[in-house]
Amino acid sequence: MLRDMSQLSILGFQSAIWSPAELNRHIRQIIETDYRMGDLWLAGEVSNLSQPSSGHLYFSIRDAEAAVRCVMWKQDVARMPRLPQDGEAIETHGKISVYEAGGQYQLYVDELRFAGEGELYQEFLLLKERLEAEGLFAAERKRTLPRWPRRIGIVTSPTGAALRDVLNVLRRRYPLVEATVSPTPVQGEAAPDRIVKAIQAINKESKPDVVLLVRGGGSVEDLWAFNDERVVRAVAASKAPLVTGIGHETDVLLADFAADLRAPTPSAAAEIATPDSEELKLEVRELQIGLSRAWSDHQRRLRTALQVQRTALELVSPRARVDSARQRVDELLHRATTAIRHEISLQKAAVGGLIQTLQAVGPDTVLARGYAVVRKTVDGSVVQSVKQVSTGDELQVRVSDGEFGAQASSMGSS
Amino acid sequence: MAEPKPPGKMRFEEAFEELAAIVGKLEAGDLELEESLGLFERGQALAERSSQLLEEAELTLRQLEGDLTNDPE
């Protein structure tokens, strides 16, 4: 085979042998010289969609007869609100080129829109970009909601399901609030203008703590008023913090970006804006328990402190001094008693000495030597002279070991 | 300090927040007996007021004037 080809070459039918790289590059150059291939829209159904970890998106656009390979780079994918799905009709924009390594021509997609939304969606993206650049959606503009809203303003259709849902949630969750409805149509030609006026009116007349801008689910067209620039600006300009709850979870509108908080549904908006009274009841009960506990703890502390003070007081009280004085008195008394007793015993000893002395000089010793003491019985007077006695006088005679009676008989002087 | 508002005239959030503050004060201690007794009694009244408001509340609903004729929903 190779030989055949070289023979052809020798014969002049072909001047060179291509390598795959050369061929693919050549074909790519041919395609790229066609200006129509550098900027085209391709419409069809998505198939074989895949997004590997690289983040790039690979798929085919096909119709009944044919398919074209497409690739969309990660940074372009990131700008899309959602990914297309297999079987979905889309329009893609980009350029055709060749993936040389695989010999595959493909559409390099830089823009993708979902059929039916095409132009509206482009408008949406442009407006979003513009308002974003203006800072209308900036995170630092977002205000926090009050914990205890007193007045809630509800901007919505007065006949819609959204209002009913919101009121149900408010009645169940936080019936302490005062709800004021600022009625407005939420779809149709007049809607954007009326929504703007309703937002302004509720802020001005009811001075709410928070505003809910809500609408039930609907088609993209039904919700379109909430992508209107006037509405978005009115949302951003609301004096009270504003929560949006528009459509369903998956619907994201420009009003949502401008709101202080976006809730996925009207009911969710009412929930986000209010505390739950069932939880509050629990909290009140806990506080009540906490109050009783804190009170008894406090009392216990006071009692302990009181006890400490009482002890301290006793240490410094006059009673202590009185007690100590009393003790001192006892002590002195004791000492005094001892001293007195000592004195007494000394005196006793002295007296004893005197008695002995006395006895030594007393009559008993004289009597023991044979003397007697004679007293007149009449008056007990000691007889020292015969002149004191007359014949017949009764006398008492004391000798050393007793006494006996006698009578004076013969008188004479010695 | 201003004369304390009678609990019966307080809004829920006022009563609730003062109650929470009182519990905090009592927990911190450092109070005279008379003062703490006053706080305890006021706390009880506030707790009653808070529960009563929660139990008895009914949503007040008003509507701003608006011309709603011929409005598609």
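The values are calculated or read from the model by the stated rules, or taken from the named source; none is laboratory data. Values in this document were obtained by computation on a predicted structure and should not be read as measured data. Neighbour counts run over all protein chains shown; Cβ positions are idealised from the backbone, glycine included. Heavy atoms of the whole protein, side chains included, go into the accessibility calculation; ligands, DNA and RNA do not. Shrake-Rupley method; radii C 1.70, N 1.55, O 1.52, S 1.80 Å.
Our helix-only sum for the protein assembly as shown, with -39,500 (n - 2.57) per DSSP H run of n ≥ 4 divided by its residues, gives a mean residue ellipticity at 222 nm of -15500 deg cm²/dmol. When the Cα gyration tensor is reduced to axis lengths a ≥ b ≥ c, the ratio a/c is 1.5 or higher for the stretch A:366-407, and with a/b above b/c it is classed as prolate. Counted by Cβ distance under 9 Å from A:Tyr105, the other residues give a net charge of +2, where Lys and Arg count +1 and Asp and Glu count -1. Note on A:148-159: average number of Cβ atoms from other chains within 10 Å of each residue's Cβ is 3.
Cross-linked pairs A:Lys128/A:Lys197; A:Lys142/A:Lys197; A:Lys128/A:Lys204; A:Lys281/B:Lys5; A:Lys142/B:Lys9: Cα-Cα separations exceed 25 Å for A:Lys128/A:Lys204; A:Lys142/B:Lys9. Shape class for the stretch A:287-396, computed from the alpha carbon gyration tensor (a ≥ b ≥ c): prolate, with a/c not under 1.5 and a/b above b/c. Residue-wise HN-Hα couplings along the stretch A:131-139, as the Karplus relation 6.51 cos²θ - 1.76 cosθ + 1.60 with θ = phi - 60° gives them from phi, are 5, 5, 4, 6, x, 5, 9, 4, 4 Hz; Gly and Pro carry x. When only Cα pairs below 8 angstrom with a gap of at least 6 residues are kept, chain A shows a relative contact order of 9 percent. Comparing A:Ala263, A:Ala67, A:Ala162 in a Gaussian network model of chain A where C-alpha atoms under 10 Å apart are linked, the largest mean-square fluctuation is found at A:Ala67.
Between A:Val196, A:Val373, A:Val322, the Gaussian network model of chain A with springs among Cα atoms under 10 angstrom shows the greatest mean-square fluctuation at A:Val373. The B-A contact accounts for approximately 3800 Å² of buried accessible area, totalled over both chains at a 1.4 Å probe radius. Distance between the pseudo-spin-label points of A:Glu221 and A:Ala89 (7 Å out from Cα toward the beta carbon): 1.4 nm.
Have a look at the stretch A:259-282 and report residues whose accessible surface goes down by 30 Å² or more when the remaining protein chains are included, against the chain on its own, probe 1.4 Å, ligands and DNA/RNA excluded. Residues losing area: A:Lys281. For A:Lys95, a cut-off of 23 angstrom between C-alpha atoms picks up these lysines, skipping any fewer than 8 places away in its own chain: A:Lys74.
Starting from the exponent 0.38 and prefactor 2.2 Å, build the expected Rg for the stretch B:7-56 from its residue count and divide its actual Cα Rg by it.
With N residues counted in the stretch B:7-56, Rg over 2.2 N^0.38 Å equals 1.15.
In the neighborhood of A:Ser409, defined by Cβ-to-Cβ distances under 13 Å, what is the net charge if each Lys or Arg adds +1 and each Asp or Glu adds -1? Taking every Cβ under 13 Å from that of A:Ser409, the sum is -2.
Note that the stretch A:127-274 presents 40 Å² accessible area per residue, ligands and nucleic acids not counted, probe 1.4 Å. Buried on complex formation within the stretch A:192-230 (loss of at least 20 square angstrom of accessible surface versus the isolated chain, 1.4 Å probe, ligands and nucleic acids ignored): A:Arg194, A:Glu205. Taking label positions 7 Å along the Cα-Cβ direction at both A:Asp63 and B:Glu3, the computed distance is 8.7 nm, reported to one decimal. Atom-type composition of the exposed protein surface of the protein assembly as shown places 53 percent of the accessible area on carbon and sulfur (1.4 angstrom probe). GNM remark for chain A: springs join alpha carbons under 10 Å apart, and the peak mean-square fluctuation among A:Arg130, A:Arg151, A:Arg25 falls on A:Arg25.
Our Cα-only numbers for the protein assembly as shown put the radius of gyration and Dmax at 61.1, 222 Å. Computed 3J(HN,Hα) for the stretch A:302-309, one whole-Hz value per residue from the Karplus formula 6.51 cos²θ - 1.76 cosθ + 1.60 where θ = phi - 60°, is 4, 5, 4, 4, 4, 4, 4, 5, glycine and proline marked x. Exposure check, 1.4 Å probe, all protein chains in place: A:Tyr108 carries approximately 40 Å² of accessible surface.
For the pair A:Glu111 and A:Gln75 in one chain, pulling the backbone fully straight at 0.36 nm per residue adds 11.9 nm over the alpha carbon distance.
Could you run the Debye sum over the Cα atoms of the stretch A:17-115, one equal point scatterer each and no solvent, and tell me log10 of I(q)/I(0) at q = 0.13, 0.15 Å⁻¹, two decimals? So the normalised log intensities work out to -0.47, -0.61. Each residue, A:Gln299 and A:Leu313, gets one label point 7 Å from its Cα in the Cβ direction; the gap between the two is 2.0 nm. Take the Cα of A:Ala16, go 7 Å toward its beta carbon, and the backbone nitrogen atoms of the stretch A:25-50 under 19 Å from that spot belong to A:25-33.
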